[in-house]
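Here's the structure we're looking at; comments come further down.
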Amino acid sequence: MSYYESVKAHPIKEDAIILAIESSCDETACAILQGRNNLLASEIESSMTEHVRFGGVVPEIASRAHTTAVSTVVERALQKSGKSLQDIDAIAVTYGSGLLGALLVGVSYAKALAFSLGVPLIPVSHIRGHLAAIYLADKELKPPFISLLASGGHTAIIEVKSYDEFEILGGTLDDAVGEAFDKVARVLGLSYPGGPNVEKLALQGEPSVQLPLMLKGKGGYDFSYSGLKTAVINYVHNQTQQGKEVNKADVACSFQKAAVDVLIDKCILAAREKGLNCITAGGGVVANGYLRFKLAAKCEKKGIKVVLPPKSLCTDNAAMIAAEGYIQYLKGNFADLSLNAVARVPLK
């Protein structure tokens with residue numbers, strides 16, 4: 001009997017212990033989850049400081065860092081959880097989307113570990129992981145609800161119908177919101193990572209710069225950040241050409257408001273039109289303090305429940321991979337040892 005045939009014959013356990021590995025970008029992470037939301041451990045080793053001087057993540061550096069750190073974070077997670085490898089019922093791993101070389105480190109390690117233990121290997125989409133993180137934030141939460149996905153690579157409003165079924169109501173037509181934050185950060189001369197630095201600078205400014213409204217006059221749930229990004233670039237360039245001082249804090253504050261307010265308004269619109277009374281969110285941009293405050297405040301006025309993951313579960317982590325891994329485990333969605341890394345995974 002082959003490895004795959006053997007693990008497919010394993011009985012599914014409601015209280016299964018999932019060990020998850022995440023290595024899609026510059027964080028090497030391992031988490032251990034028991035059941036749907038009993039998080040036993042979550043460990044992260046970041047190589048971010050090595051990328052700062054380059055103004056962004058360097059794939060080769062990230063891959064080398066993962067190779068060095070992956071065994072360490074697994075050992076730390078096991079120790080913190082009080083579990084041994086013999087207690088693990090399945091291995092979940094991010095297979096995409098992300099940096100191909102970085103993903104390959106995690107996938108290779110996970111395949112070897114799953115094979116050596118004789119347990120199922122669960123392929124997890126990084127994007128779905130961001131959506132599943134919310135179940136760790138609110139253990140009583142159950143679908144249906146509206147979810148906002150806001151990250152460096154994706155922006156979408158999603159109707160979550162069940163743990164594994166959702167409908168994409170709308171998304172970005174060009175740049176993702178996190179990508180726009182990073183590009184505006186470079187225009188303003190801010191260092192990597194761009195998003196948190198734009199947020200920090202915005203606290204010192206006022207939304208006094210006139211910027212365009214995205215898709216003005218059009219309904220639906222789609223977004224477009226390319227024009228907003230270009231408007232910021234043109235404003236800074238024109239001010240500089242005219243010899244005027246650019247108030248970078250005001251630019252950051254104005255951009256942040258324009259970028260985030262539309263996300264919130266369309267989420268609330270979706271909740272109303274779908275007859276749902278709960279909004280959740282996932283992705284790195286959801287760590288933004290302005291977004292979290294404004295979404296909570298506007299939803300409170302509308303009588304809509306808001307559930308947001310802690311900031312530690314918004315940025316890349318293995319706990320969210322474990323949460324989605326458990327959902328796929330219950331479905332018996334296991335991979336064989338031919339599993340490969342994929343740079344882009346469609347949101348579906």
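Consider the range 70-88 and keep the residues that are open to solvent by 60 Å² or more (accessible area, probe 1.4 Å) and assigned to a loop (DSSP other than H, G, I, E, B). The one that is farthest from Ile18 (Cα to Cα) is Gly82. Screening Thr94 on (1) within 20 Å of Gly35 (Cβ to Cβ); (2) crowded, with 24+ Cβ neighbours inside 10 Å shows it passes everything except condition (1).
Phe181 falls short on exactly one of the conditions (1) in contact with a Leu (Cβ under 7 Å, 6 or more places away or on another chain); (2) within 29 Å of Ile146 (Cα to Cα), and that condition is (1). The set of residues in the range 230-286 being outside any helix (DSSP H, G or I) and closer than 14 Å to Phe181 by Cβ consists of Gly283 alone. Restricting the first member to the range 292-304 and to residues that are over 13 Å from Leu263 (Cβ atoms), and the second to residues that are open to solvent by less than 100 Å² (accessible area, probe 1.4 Å) and assigned to a helix (DSSP H, G or I), the beta-carbon pairs closer than 7 Å and six or more apart or on different chains are Lys302/Ile268; Ile304/Ile268; Ile304/Ala271. The numbered conditions (1) buried (at least 19 other Cβ atoms within 10 Å of the Cβ); (2) over 20 Å from Tyr290 (Cα atoms) are all true for Leu190 except (2). Flag: Leu99 does not match the condition of being surrounded by fewer than 24 Cβ atoms within 10 Å (Cβ to Cβ) and under 21 Å from Gly332 (Cα atoms). Filter the range 7-23 down to residues that are exposed (fewer than 13 other Cβ atoms within 10 Å of the Cβ) and among the aliphatic types (A, V, I, L, M) and give me whichever is farthest from the chain's Cα centre (by Cα). Here the residue is Ala9. Contact map, the range 226-253: residues that are touching a residue at least 24 places away in the same chain (Cβ under 8 Å) and within 27 Å of Thr172 (Cα to Cα) paired with residues that are surrounded by 13 or more Cβ atoms within 10 Å (Cβ to Cβ) and of a type in the set (Lys, Arg), Cβ distance under 9 Å, separation 6+ or inter-chain. Pairs shown: Lys229/Lys183; Val232/Lys183; Ile233/Lys183; Val236/Lys248; Ala252/Lys200.
Provide a single number: the residues in the range 120-140 that are at pLDDT 95 or above, under 23 Å from Ser108 (Cβ atoms) and hydrophobic (A, V, I, L, M, F, W, C). Adding up the residues that qualify gives 3.
For Ala92, state whether it is assigned to a helix (DSSP H, G or I), among the aliphatic types (A, V, I, L, M) and modelled with pLDDT of 95 or more. No; evaluated as a whole, the condition is false for this residue. Have a look at Leu276, Leu213, Leu228, Leu263 and point out the one that is open to solvent by 20 Å² or more (accessible area, probe 1.4 Å), of a type outside the set (Ser, Thr, Tyr) and touching a Phe, Trp or Tyr at 6+ places or on another chain (Cβ under 8 Å). Exactly one residue qualifies, and that residue is Leu276. Of the residues screened, Gly106 is not one that is without any contact (Cβ under 8 Å) to a residue 24 or more places away in the chain and open to solvent by less than 30 Å² (accessible area, probe 1.4 Å).
Every residue, every condition in (1) of a type outside the set (A, V, I, L, M, F, W, C); (2) open to solvent by less than 50 Å² (accessible area, probe 1.4 Å); (3) within 18 Å of Gly289 (Cβ to Cβ), yes or no:
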{"residue": "Ala137", "(1), (2), (3)": "no, yes, yes"}
{"residue": "Phe145", "(1), (2), (3)": "no, yes, no"}
{"residue": "Leu148", "(1), (2), (3)": "no, yes, yes"}
{"residue": "Thr155", "(1), (2), (3)": "yes, yes, no"}
{"residue": "Lys161", "(1), (2), (3)": "yes, no, no"}
{"residue": "Lys183", "(1), (2), (3)": "yes, no, no"}
{"residue": "Glu199", "(1), (2), (3)": "yes, yes, yes"}
{"residue": "Ala202", "(1), (2), (3)": "no, yes, yes"}
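One line per residue, one yes/no per condition, for (1) in a loop (DSSP other than H, G, I, E, B); (2) over 22 Å from the mean Cα position of the chain (by Cα); (3) at pLDDT below 85:
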{"position": "Glu5", "(1), (2), (3)": "no, yes, no"}
{"position": "Cys25", "(1), (2), (3)": "yes, no, no"}
{"position": "Thr28", "(1), (2), (3)": "no, no, no"}
{"position": "Glu50", "(1), (2), (3)": "no, no, yes"}
{"position": "Ile61", "(1), (2), (3)": "no, no, yes"}
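The values are calculated or read from the model by the stated rules, or taken from the named source; none is laboratory data. On a predicted model such as this, the values are computed, not experimentally measured, just so you know. Positions of Cβ are generated from backbone atoms using ideal geometry, with glycine treated the same way; all protein chains shown enter the neighbour counts. Please note that ligands, DNA and RNA were not included when accessible areas were found on the heavy atoms of the full protein model with its side chains. Shrake-Rupley method; radii C 1.70, N 1.55, O 1.52, S 1.80 Å.
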